[in-house]
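Each reported figure results from applying straightforward, stated rules to the coordinates on display, with no laboratory input. Predicted model only: the values in this text are computed from it and were never measured. Reconstructed Cβ throughout: ideal geometry from the backbone, glycine too, with neighbour counts over all protein chains shown.
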Amino acid sequence: MANYYDIDDILTEEELVPSVFQYNANGVGLFDSSDNTDKVDSGSRVELPFWLVGELYMRQLLSIRVPPCFDRELSFSCALDRSKTREEIAADAAHVDLRSRCPYFYELGCKLAPLIGDKTIGPFLLVAFQIRYKEVLLKAHTLTMAVAPKYLTLLTNEETKLYEAGQSSVAAFKKWRIGGPRFQIAPVLGRKRKPS
């Protein structure tokens with residue numbers, strides 16, 4: 001965990017990652033809900049939180065399958081709309097609903113790429129963010145409050161923070177433009193020195 005007290009980092013590491021057990025494991029039956037036994041067989045496919053997958057992967061107890069939102073190939077075992085994320089982003093990245101795929105899309109991708117050694121995830125995330133960055137800031141400056149909630153449902157956590165920063169900068173600019181105080185005296189300059 002990169003930042004122990006960061007709630008976003010904690011929630012990022014709670015995202016489920018598909019993985020396959022390499023060995024039989026006893027006492028971990030709660031990971032595989034397909035049967036009522038207290039064991040997981042070798043080759044069992046399960047979805048585990050990222051923090052647990054990372055530890056088990058380092059110990060070579062399981063292999064990681066790339067989540068559908070980052071996968072390059074179509075996976076017919078998953079929902080069809082989730083496996084086409086790369087194609088949808090290549091076609092029109094600004095209007096893809098990334099929140100439904102993974103609310104912490106960029107953060108999880110950045111943590112997952114070095115772990116599994118997939119060199120295509122990094123450039124994919126960069127292209128997606130570059131394209132969506134312009135659209136998010138444009139919408140932050142132009143959307144009305146009535147339309148904004150609908151648009152926010154498409155954005156990831158990082159993009160929502162960016163949108164809110166854009167909104168606050170527009171509000172601060174409008175306040176300044178209307179004629180708020182042009183110059184403010186720094187609090188340090190307003191204090192008097194003690195007579196010596």
Size of the dipole of segment 123-180 about the Cα centre, Lys and Arg at +1 and Asp and Glu at -1 on the beta carbon, nothing else charged, in debye to 20? 240 debye
By how many nm would the segment from Asn26 to Ser63 grow when fully extended, if each residue of separation counts as 0.36 nm and the alpha-carbon distance is taken off? 11.6 nm
Working out 0.36 nm times the residue gap between Lys134 and Ala171, then minus their Cα-Cα distance, what length gain in nm do you get to one decimal? 11.5 nm
Just to verify a number: FRET efficiency for Cys110 and Ile178, C-beta to C-beta distance, R0 = 41 Å, to 0.05? 0.55
For the table Lys84/Lys150; Lys39/Lys119; Lys119/Lys139; Lys139/Lys175; Lys111/Lys139, the rows whose alpha-carbon distance is greater than 26 Å are Lys39/Lys119; Lys119/Lys139; Lys111/Lys139
